[in-house]
Amino acid sequence: QQQVKQSPQSLIVQKGGISIINCAYENTAFDYFPWYQQFPGKGPALLIAIRPDVSEKKEGRFTISFNKSAKQFSLHIMDSQPGDSATYFCAARTSGSRLTFGEGTQLTVNP
Amino acid sequence: SQTIHQWPATLVQPVGSPLSLECTVEGTSNPNLYWYRQAAGRGLQLLFYSVGIGQISSEVPQNLSASRPQDRQFILSSKKLLLSDSGFYLCAWGDNNYGYTFGSGTRLTVV
């Protein structure tokens, strides 16, 4: 029940396209859903996060869409750029618990 | 502001040699601290976490151990490295409500 399932495992998008990464969870007590971006040889960095009281959060070209009833949330990268090529992790937690991470999605944006 | 330091950045060690990786956090007190390992192209595997000095929880039985001698210091150790200990080791800190902040990682190669 603590799992977060992330898909796809890898994604190739053309420059200017939309990248979409999906995550699903079972634990309805989760109340914080962050996304991390990791470049090769670096530690993951917090990209954007959402709490379940809103259905969408947008920061620049990055948007989280949250569907509480379906227990799913997704990351949308608009106008994808080669510099967005990285591994993306979704995660979830309840207050006071540890983060549960998805398995990661390797995004490649071709020029 | 809070910062996390992790060193060394890269390490090549022979099989059977000891290991000591250090992580320190600045700008916060009593942080939750975490050690993760990441195999090439894979997800984040939680190894140890600590909620306070001397308090260590192990997630996976293995050849490694962790210690927290000071509030903002977290050390990952091994008495005798195995080939399978190779990987990218990440330290992170967090509170009980938000995401984690990761260090820059240590690339360990056991030869």
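Observations on the model:
- Look at the alpha carbon pairs under 8 Å that are at least 6 residues apart: their mean separation over the length of region B:54-110 gives a relative contact order of 27 percent.
- The contact residues of region B:64-96, meaning those that lose at least 50 Å² of 1.4 Å-probe accessible area when all protein chains sit together rather than their chain alone, are B:ASN96.
- Its residue count N fixes a reference of 2.2 N^0.38 Å for region B:5-111, and the Cα radius of gyration divided by that reference is 1.01.
- The modelled label-to-label distance for the pair B:GLN45/A:ASN27, using points 7 Å beyond Cα in the direction of Cβ, is 2.1 nm.
- All-pairs alpha carbon distance profile, region A:31-111, 5 Å steps from 0, percent: 3, 14, 25, 25, 19, 9, 4, 1, 0
- Phi to ³J(HN,Hα) by Karplus 6.51 cos²θ - 1.76 cosθ + 1.60 over region B:41-55, Hz, x for Gly, Pro: x, 10, x, 9, 9, 6, 9, 9, 9, 9, 9, x, 4, x, 9
- Length gained on full extension, A:LYS57 to A:SER97: 12.1 nm, using 0.36 nm per residue less the C-alpha separation.
- Short-range pairs are left out: with C-alpha atoms under 8 Å and at least six residues apart, the relative contact order of chain A is 37 percent.
- Average other protein chain Cβ within 10 Å of Cβ, residues B:99-105: 6
- For region A:34-49, the Karplus equation 6.51 cos²θ - 1.76 cosθ + 1.60, evaluated at θ = phi - 60°, returns couplings of x, 10, 10, 10, 10, 8, x, x, 10, x, x, 10, 4, 9, 6, 9 Hz by residue, with Gly and Pro reported as x.
- For B:ASP71, the amide hydrogen comes within under 5 Å of no other amide hydrogen, counting only partners 5 or more places away or on other chains and with H modelled in the peptide plane.
- Rounded to the nearest 20 debye, dipole of region A:1-63 from Cβ charges on Lys, Arg, Asp, Glu: 320
- Applying a DSSP loop filter and a limit of 14 other Cβ atoms within 10 Å to the trypsin sites (Lys or Arg not before Pro) in region A:41-82 leaves A:ARG61, A:LYS68.
The values are calculated or read from the model by the stated rules, or taken from the named source; none is laboratory data. As the structure is a prediction and not an experimental result, all values here were calculated from the model. Neighbour counts run over all protein chains shown; Cβ positions are idealised from the backbone, glycine included. Keep in mind that these areas ignore ligands, DNA and RNA; they rest on the heavy atoms of the full protein, side chains included. Shrake-Rupley method; radii C 1.70, N 1.55, O 1.52, S 1.80 Å.
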